[in-house]
1. Scan (1) over 20 Å from Asn144 (Cα atoms); (2) in contact (Cβ under 8 Å) with a residue 12 or more places away in the chain for the single condition Pro133 breaks and write down its number.
2. Starting from region 152-164, take each residue that is under 17 Å from Ala127 (Cβ atoms) and list its partners that are among the small types (Gly, Ala, Ser), counting only C-beta distances under 6 angstrom and pairs at least six apart or across chains.
3. What pairs can you find where one residue is in region 73-97 and part of a loop (DSSP other than H, G, I, E, B), the other is among the basic types (Lys, Arg), and their Cβ atoms are less than 8 Å apart, with a gap of 6+ or different chains?
4. Looking only at region 103-120, decide whether some residue is over 14 Å from the mean Cα position of the chain (by Cα) and at pLDDT 95 or above.
5. Looking at region 48-65 only, could you name the residues that are in contact with a Phe, Trp or Tyr (Cβ under 8 Å, 6 or more places away or on another chain) and either on the phi > 0 side of the Ramachandran plot or not hydrophobic (A, V, I, L, M, F, W, C) (or both)?
Amino acid sequence: MKSLITFAAALATFSLLTGVGFAGESMPGVKTQPNAGFEKLKPLVGNWQGKSSEGKPVSITYALVSDGSALVEKMGAGSEHEMVTVYYPDGNRLMMTHYCSLHNQPRMRADAPAADGRKLLFDFVDATNLSSPDAMHMHKLVVNLEDKDHFVQEWTWKSGEKEGTVVFRLERMK
């Protein structure tokens with residue numbers, strides 16, 4: 001056991017001193033199946049701006065992370081109410097976790113994209129830090145990819161039996 005610890009320490013030191021690391025490298029032999037929904041979202045990488053259905057300005061940035069296996073969305077980056085959503089493949093379905101300014105984290109799942117290939121419908125699976133099942137949370141998301149420079153998000157919140165939807169119309173910043 002002592003030799004294993006010594007080897008691990010030496011390997012870590014070598015990595016730090018030489019800049020040669022393993023974290024950023026793809027694992028040999030690891031193969032993933034393409035995910036249709038995730039492939040539809042990847043072109044969103046970049047900066048977007050638009051307005052909500054209430055006329056409020058919104059900005060969103062997208063970045064691929066973790067060797068391209070997850071897409072991070074930051075809505076209102078740098079603001080007091082910044083929210084982060086992470087989209088990631090789950091077999092042939094697409095998952096997302098929304099880190100909400102309501103201080104809960106709903107997870108939603110989408111099946112394959114609609115027949116026209118432009119719409120993804122995410123439905124509520126569960127949430128962490130939800131004080132009760134009736135507490136306000138995001139419950140549904142529809143993403144409509146209109147073209148390479150325009151898309152629409154429809155976020156539906158739920159609080160008890162009440163629901164409401166906020167629509168964001170977004171355009172790529174050039």
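The values are calculated or read from the model by the stated rules, or taken from the named source; none is laboratory data. This one's a predicted model, so the numbers in the text were calculated from it and none came from an experiment. Cβ coordinates were reconstructed from backbone atoms using ideal geometry, including for glycine residues, and neighbour counts include every protein chain displayed.
1. Condition (2) is where Pro133 drops out.
2. Taking only residues 6 or more apart or on different chains, the pairs are Trp157/Gly164.
3. The qualifying pairs are Glu82/Lys74.
4. Filtering region 103-120 for residues over 14 Å from the mean Cα position of the chain (by Cα) gives 103-104, 111-119.
Add one more test, that the residue is at pLDDT 95 or above, and what stays is 103-104.
Scanning region 103-120 turns up at least one residue that is over 14 Å from the mean Cα position of the chain (by Cα) and at pLDDT 95 or above.
5. From region 48-65, those in contact with a Phe, Trp or Tyr (Cβ under 8 Å, 6 or more places away or on another chain) are 48, 50-53, 58-62; that's our starting set.
Correct list: Gly50, Lys51, Ser52, Ser53, Ser59, Thr61, Tyr62.
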